[in-house]
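What follows is a set of notes on a single structure, which appears directly below.
The values are calculated or read from the model by the stated rules, or taken from the named source; none is laboratory data. From a predicted model like this one, the values you see are computed outputs, not experimental measurements. Methodologically, a virtual Cβ is constructed for each residue, glycine included, from the backbone with ideal geometry; neighbour enumeration extends over all protein chains shown. Accessible surface is based on the protein model in full, side chains and every heavy atom, while ligands, DNA and RNA are left aside. Shrake-Rupley method; radii C 1.70, N 1.55, O 1.52, S 1.80 Å.
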Amino acid sequence: AGDAAKLLALSPTQAAKLLAFWANQGWLKRVRRGLYIPVPLDSLTQEIAPEDPWVLANRIWSPCYIGGWSAAEHWDFTEQIFSSVIVFTSKQLRSRKIDLDGVKFLLKQCREESFFGLQALWKGNNKISVSDPSRTIIDLLDDPSIGGGMRPAKDIFNEYLRSKHRNLKKLGEYALRLDNKTIFKRLGFLIEELAPNEIEILELCREKMSKGNSQLDPELPSKHLVTRWRLWVPESWQA
C-alpha cells in the first residue's frame, strides 16, 4: 500500500481504499495486510498463479532468496513435489511457517553476510534470487530439514553429481564460507558413498570437519557412530 501511495500520489488512507476497491472488483488479490498482487485480465479466478509465490516471497521477506528443496526443483535435481516454498531471509521472523491463501512458505532466518552463491532470475519485472546449484547442496547439508530430511537430500545431491552443474571445488569453497564444520562431515560421508574417487574433496572434508560428534540427520534417532566422519547415523543408513 505504501508503494501504491507514492506511485499514485495519494495519501496512505486514500491508496488503501483504492486498493481495497480494486480487490473487491477482482482486479487485485489481497494476500496479506497492505500487500496486493494483480489478477491477470484473462483469469477467471483470483487464485495465485504457480509462478507467483517466489514473487510474493521477494516482496514480503526481501532481502531473501529461494533455496532448499525449492531451488532443487528449479535446478531439476528432484521430481518430488514439495508443498512449501523455502525462503531464506535476513528479516526477523515471528513464525517459520506461513500460509498465504493456501500458498505455504517455510522460512529460514540467516545473516545477510551469508547471501552468496546466488543467481538472479526474472519473473516478469521482478528480480528473484535463488541459490545456485552448489549453494543449494551446501544449504541442504547445513540443514537437512530444508531438503525434506537427509534421505531426499542425498538423492538431490546424487542428481547434482550427475548434472552439468557438478563443481566439487565450489562446494568446498561454499562450505568454508558458511563456516559450519558439520557440513564437511555430511559432505564427506556422502562423497565417500557416491563419488569415492574424488580424493581432493574428501581430504578437505577430513581436514575441516569439527572434532565432536554430530548427527547426519538431526530429525532422526541415530545410534550408530561412523567414527571416520564423527557422525551419528540412523540405523537404516548403516548398510
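What the table below lists for this structure:
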quantity	calculated
Cα shape, the range 90-239, gyration tensor, a/c 1.5 rule	prolate
Shape call, the range 155-213: gyration tensor on alpha carbons, a/c limit 1.5	prolate
Sequence ranges 70-76, 139-145, ranked by mean other-Cβ count within 10 angstrom, highest first	139-145, 70-76
Shape category assigned to the range 68-150 from the gyration tensor of Cα positions, a/c cut at 1.5	rounded
Span from the the range 195-213 Cα centroid across to the the range 137-170 one, whole angstrom	16
Check: the range 56-119 dipole with +1 on Lys, Arg Cβ and -1 on Asp, Glu Cβ, in debye	400
Accessible area (Å², per residue) of the range 159-211, counting only protein heavy atoms and a probe of 1.4 Å	57
Estimated inter-spin distance, S236 and K123, nm [label 7 Å along Cα→Cβ]	3.1
The range 64-219 - percent relative contact order, Cα under 8 Å, separation 6 or more	20
Qualifying aspartates and glutamates (Cα of each under 19 Å from Cα of K108; at least 8 residues distant if same chain)	E73, D99, D132, D139, D142, D143, D179, D217, E219
Local electrostatic count, P144, Cβ distance below 14 Å [Lys/Arg +1, Asp/Glu -1]	-1
